[in-house]
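The values are calculated or read from the model by the stated rules, or taken from the named source; none is laboratory data. All values derive from a computational prediction rather than experimental measurement. Quick reminder, even Gly has a Cβ in these numbers, built from the backbone with ideal geometry, and neighbours come from all protein chains shown. Accessible surface is based on the protein model in full, side chains and every heavy atom, while ligands, DNA and RNA are left aside. Shrake-Rupley method; radii C 1.70, N 1.55, O 1.52, S 1.80 Å.
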Amino acid sequence: MEALTLVDMGFLYTETVTSPKHVAGLQIFSTPENYQGNFSRDLFDNLMSQQDVKKPFNQKLKKQITGQYFWQKDDNIDLSYHVRFAMLPQPGNDNQLLSFVEHQHETLLDRNRPLWEMILIDGLADNKFAIYVKVHHAFTDGAKANQLLMAYLSKNAESPMTAFWSVDRPQKERVAKSALTLLTDTTKLVSGHVKSIPSLTKLTTKLLFQATNMYKADMPTPFMAPKTPFSVSPKRARRAAMTSLPLARVKTLGRVTGATINDVVVTVCDMAIHNYLETRNVVLKKPLVAQMPMSLREASDTESNNQVAISLVELAYAGERPLARLMTVKESCQKLKSETKLLTKEALTSYTLASQGLAAASELLNLDTILPPMGNVLISNVPGPSKALYMMGAKMDKCYPISVLPPGMSLNITLYSYNGSIHVGLVACRSALPDLTELADYIDDAFSALENEVLDCAIESVADHIQLLSSQSSQNIKQESIDVIANMTKITTKNRDRSNVDHEDSRLCETA
């Protein structure tokens, strides 16, 4: 048996009916052209024929009398329970798809079985189908989920398909452990966190002094975020919405401004949330605070489950211009990186456990109406494959993440890059954000506004440069500068035209 880490178990101990702790992905495929027969049914039959369920999909939970959870092999897996087929009614539009997914995302996974489910959804318009895969967060984090669930896809449309639960994965040789050895391993695990106390104490001291305005740390103090309509503990019912951003244009904004892709997308989310709040006459006096997962996983680590810490990032004030807002977010993210470099992996894990544990306790005791929220939104950015992938000849067009709501918060925005696009999945409590589609609209609008201002400023900067060169440079240099600004103008016009098209075509809308 393999012991779960403290972070893994945290997702189990804080799970309730109104706060499930699973994550999911919604993959949308195009049926191969000129396919003879019912492709979705044939695909489902192929999947169901692969009954050899391998690790880690054949593991279920076992709880010891000490409260420690372990993974143990399940020798009696009912594949028909974990893998199901669903048919949408006509016309099979995006509203119907997301309505179906919302209800699936509300329900808890059965802890008496391996913690995963998959549903093949047929009946979508335009000869498409979808696959919804749900796994418990104790089972995986975003990085590992990407490794596991992309394993049944291929870069070649002609390649045969192996179900992700039947893929052979290299496993380290493990020796059966005695109860004494298991206890020793648990003690070592706790000891590692004890050793992180000095650096964690230093960070805690900084944050406490910051809360009393006696010190300015490089990361926000928990439970000091402004109150918003979605700074409440979630109820069971969920809302989902999706949109997409063009990856190449996001990268262009990053290059022009010296920002990262993450800086750009976080800024876009910040702008969108402020615009959404302003339409409801909510103007915040303090910046929003985002919870942002940080991967602690080594590049060679493909076995362990959750290797992630949750940090806080203060975003920008209401009313800041898009470019100024991007620079504010960029600075906040850089400060966070500097602060976290001073902490060990164990210290970051302990900080996450402590802060999330307090938030979970506040949620369970219904203190969210009294205490300030720990944060306002969780924003996660997971890199995915850069090229198109196929399953039995069907091309995966899009892949939207559908994640978990953290304690005391009712909004999660997760981004997943795939084949030239950044697919944005929004999940919220249905009662706190019933109109989540509007927020997805504002993400599109915010990206266009940021892109326009950045490119306009770039053109203005080049124009000033040409004016300076005109009095002292050769004709060749002047001509080169003129070409640069002409090209920049063309790019700006082209991107603005494309953004109008993308606004209409790139989004899946939630159920009205």
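Some observations on this one:
- With a simple spin-label model that places each label point 7 Å from the Cα along the Cα-to-Cβ direction, the separation between Gln36 and Asp94 comes to 3.6 nm.
- Rounded, prolate or oblate (a/c below 1.5 giving rounded, otherwise prolate when a/b exceeds b/c) for the range 48-121 by Cα gyration tensor: oblate
- Shape call, the range 1-99: gyration tensor on alpha carbons, a/c limit 1.5: oblate
- Shape descriptor for the range 361-423: Rg over Rh equals 1.21 (Cα atoms; Rh from the Kirkwood inverse mean 1/r).
- When nucleic acids and ligands are ignored and a 1.4 Å probe is applied, Arg236 ends up with an accessible area of around 110 Å².
- Chain lengthening between Asp456 and Val282 when straightened (0.36 nm per residue, less Cα-Cα): 59.7 nm
- Annotation: amide H of Ser244 within the under-5 Å range of Val424, sequence separation 5 or more or interchain, hydrogens built in the peptide plane.
- Share of pairwise Cα separations in the range 282-368, more than 19 Å, in percent: 54 percent
- Potential extension, Ala157-Asp78 segment - 0.36 nm per residue separation minus Cα distance: 25.5 nm
- Nonlocal Lys pairs with alpha-carbon distance under 23 Å, the range 258-380 (8 or more apart, or different chains): 8
- With both labels modelled 7 Å from their Cα along Cα-to-Cβ, the Ala248 to Ser338 distance reads 3.6 nm.
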